[in-house]
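J.: A single structure is presented below for examination.
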Amino acid sequence: MSIADQAAGHAGRNALVFAALGDPTRLGIVTRLGARGPLSTMSLTSATRLSRQAIAKHLRALEDADLVHGKRGGRDKVWELRTERLEDVGAYLAQISAQWDQALGRLRDFVELEQP
């Protein structure tokens with residue numbers, strides 16, 4: 001697999017995360033799980049005005065993006081944040097930031113060389 005193919009794969013995988021976190025409800029769920037640790041679907045639902053089915057739909061989107069993992073706990077599911085996935089995305093953003101810094105540095109150098 002070429003470097004370009006790998007980069008495209010990472011971008012596509014990370015796009016799922018950004019799309020999932022782009023919804024305020026899902027971002028709130030991730031924030032709650034990060035602050036409080038594993039929570040049941042019932043606990044996550046009780047903190048909102050949304051139905052259990054709506055919260056379950058948001059949790060499925062987060063699970064598809066590999067941001068949360070659910071385990072059956074009796075009649076309910078307990079959801080846990082996958083922090084390693086957030087760390088991967090953070091590293092990806094740091095890489096993009098470094099590339100922009102390099103590009104801006106090259107632009108600055110070019111502009112400074114063109115000055116009389």
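J.: Count, please, the residues in region 49-62 that happen to be open to solvent by 60 Å² or more (accessible area, probe 1.4 Å) and within 17 Å of VAL17 (Cα to Cα).
T.: Qualifying residue count for the region: 2.
J.: Being closer than 24 Å to ALA11 by Cα and among the polar types (S, T, N, Q) is the requirement here; does GLN95 meet it?
T.: Working: closer than 24 Å to ALA11 by Cα: yes; among the polar types (S, T, N, Q): yes.
Taking the combined requirement at face value, the residue satisfies it.
J.: In region 1-45, how many residues are of a type in the set (S, T, N, Q), more than 12 Å from the chain's Cα centre (by Cα) and at pLDDT 90 or above?
T.: 5
J.: Condition first: in a helix (DSSP H, G or I) and open to solvent by 20 Å² or more (accessible area, probe 1.4 Å). Now tell me which residues in region 68-89 satisfy that.
T.: THR83, GLU84, LEU86, GLU87, ASP88
J.: Given (1) touching a Leu at 6+ places or on another chain (Cβ under 6 Å); (2) at pLDDT below 95, where does PHE110 come up short, assuming only one miss?
T.: Unmet condition: (1).
J.: Out of curiosity, is ASP76 modelled with pLDDT under 95 and over 30 Å from MET42 (Cα atoms)?
T.: Taking the combined requirement at face value, the residue does not satisfy it.
J.: Look through region 7-48, keep the residues that are assigned to a loop (DSSP other than H, G, I, E, B) and over 19 Å from LYS71 (Cβ atoms), and return whichever of them is least open to solvent (accessible area, probe 1.4 Å).
T.: So the residue we want is ASP23.
J.: So, one more: Quick one: which residue in ALA65, ALA103, ALA98 is more than 25 Å from THR25 (Cα to Cα), among the hydrophobic types (A, V, I, L, M, F, W, C), out of contact with any strand residue (DSSP E or B) (no Cβ under 7 Å at 6 or more places or on another chain) and open to solvent by less than 40 Å² (accessible area, probe 1.4 Å)? It would help to see each step written out before you state the result.
T.: Values: ALA65 fails: more than 25 Å from THR25 (Cα to Cα); ALA98 fails: open to solvent by less than 40 Å² (accessible area, probe 1.4 Å).
Exactly one residue qualifies, and that residue is ALA103.
The values are calculated or read from the model by the stated rules, or taken from the named source; none is laboratory data. Note that the coordinates shown come from a computational prediction; the quantities given were computed from them, not determined experimentally. Please note: Cβ atoms are built from the backbone with ideal geometry, for glycine as well, and neighbour counts cover all protein chains shown. Heavy atoms of the whole protein, side chains included, go into the accessibility calculation; ligands, DNA and RNA do not. Shrake-Rupley method; radii C 1.70, N 1.55, O 1.52, S 1.80 Å.
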